1. Can you tell me which residue among B:V61, B:V68 is at pLDDT 90 or above, more than 9 Å from chain A (Cβ to nearest Cβ) and open to solvent by 20 Å² or more (accessible area, probe 1.4 Å)?
2. Take B:V73 and tell me if it is without any contact (Cβ under 8 Å) to a residue 12 or more places away in the chain, open to solvent by less than 20 Å² (accessible area, probe 1.4 Å) and of a type in the set (A, V, I, L, M, F, W, C).
3. Please find, within the stretch A:40-64, the residue that is farthest from B:A115 (Cα to Cα) out of those that are at the interface with another protein chain (Cβ under 7 Å from one of its Cβ atoms) and surrounded by fewer than 19 Cβ atoms within 10 Å (Cβ to Cβ).
Amino acid sequence: MTEVMVEPWMLLVVAMIVFAIGLLGVILRKNLLVMLMCVELMLNAVNLSFVAFSRMHQTLQGDITVLFVMTVAAAESAVGLGLIIAMFRTLKTVDSDQIQMLRD
Amino acid sequence: MSWSMVAFSAFSTIAIISSIFVILKKNPVSSAFSLILVFFSFAGLYAVMGAHLVAALQIMVYTGAIMVLFVFVIMLLNADTPVLDLKESGGLFKAITTFGVIGLLGILLKTVLRAKEIQATGNLTEDKINELGGNFKVISEALFTDYSFHFELASFLLLGAIVATVALAKRKSLKGSSV
């Protein structure tokens with residue numbers, strides 16, 4: 001029986017699929033909360049590919065980059081949710097099609 | 001099949017299926033819980049690859065902090081209206097979107113196929129890392145020596161994010177305010 005080992009390119013395939021799903025979610029959904037969640041999904045897919053490339057190059061720079069991407073993602077989601085709360089106070093909705101204050 | 005392959009198959013299947021659920025579920029709370037499942041299975045994938053520090057931080061930062069924040073905001077806004085709110089859009093937009101995503105997938109697939117040709121530039125193999133004291137130790141040493149400036153910059157970013165979030169959340173209303 002041959003041993004099948006996990007190769008880094010398999011992780012790249014998973015990251016590619018999850019990234020495409022996250023992109024579709026950002027494009028197709030209207031709920032701002034779900035759109036922000038899909039951005040997190042895309043960031044996670046990129047993190048996974050960073051780790052895979054780091055294993056291919058046999059360095060640990062990709063792992064360290066993932067730590068900084070996580071920091072940026074935490075800051076981004078905090079500011080994004082603050083924006084959504086501010087928008088909900090004004091417009092009473094989280095629908096992205098209702099943001100048309102510049103038109104009035 | 002080796003155990004790592006079994007774990008990889010299970011975790012990647014869970015990750016892909018629940019990320020489809022994230023964009024298809026009508027209720028934002030269901031989307032949030034599917035996303036938590038995605039993050040957990042990603043942590044499993046990191047552990048399979050031997051990135052132990054990243055796997056631990058994935059669970060702590062993403063499922064522990066970010067998703068709690070998301071669920072809290074959903075609760076606060078009471079926005080769990082069960083409608084599948086796909087955008088109403090013209091045929092042209094849908095066509096452009098479809099071609100765009102297919103094109104992007106093609107580019108990514110080309111990258112993945114060419115990734116097999118990558119030659120290892122470093123010398124940190126699995127055995128070398130274990131010899132140096134494990135994944136945690138090697139990454140922490142690099143983080144506090146070579147990357148200490150970037151580490152400090154990250155703290156400034158977090159400080160700025162805290163100030164911005166408090167300033168946004170304290171404001172009464174966007175309409176009619178002088179700011």
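The values are calculated or read from the model by the stated rules, or taken from the named source; none is laboratory data. Please read these numbers as outputs of a predicted model, since none were measured by experiment. In this analysis, Cβ positions are derived from the backbone assuming ideal geometry, glycine residues included, and neighbour counts consider all displayed protein chains. We work out accessible area using only protein heavy atoms, side chains counted, and drop any ligands, DNA or RNA first. Shrake-Rupley method; radii C 1.70, N 1.55, O 1.52, S 1.80 Å.
1. Working: B:V61 fails: more than 9 Å from chain A (Cβ to nearest Cβ).
Going through B:V61, B:V68 in turn, the sole match is B:V68.
2. Numbers: without any contact (Cβ under 8 Å) to a residue 12 or more places away in the chain: yes; open to solvent by less than 20 Å² (accessible area, probe 1.4 Å): yes; of a type in the set (A, V, I, L, M, F, W, C): yes.
Considered against the rule, which asks whether it is without any contact (Cβ under 8 Å) to a residue 12 or more places away in the chain, open to solvent by less than 20 Å² (accessible area, probe 1.4 Å) and of a type in the set (A, V, I, L, M, F, W, C), B:V73 comes out as yes.
3. Once the filter is applied, the top-ranked residue is A:T59.
A quick yes/no check of all residues on (1) touching a residue at least 12 places away in the same chain (Cβ under 8 Å); (2) closer than 20 Å to B:A161 by Cβ:
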| site | (1), (2) |
| --- | --- |
| A:F50 | yes, no |
| A:H57 | no, no |
| A:I64 | no, no |
| A:A74 | no, yes |
| A:L81 | yes, yes |
| A:I84 | yes, yes |
| A:M87 | yes, yes |
| A:K92 | no, no |
| A:D95 | yes, no |
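This table checks each residue for (1) out of contact with any helix residue (DSSP H, G or I) (no Cβ under 6 Å at 6 or more places or on another chain); (2) under 21 Å from B:H150 (Cα atoms); (3) open to solvent by 40 Å² or more (accessible area, probe 1.4 Å).
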site: A:I21; (1), (2), (3): no, no, no
site: A:C38; (1), (2), (3): no, no, no
site: A:V66; (1), (2), (3): no, yes, no
site: A:V69; (1), (2), (3): no, yes, no
site: A:R89; (1), (2), (3): yes, no, yes
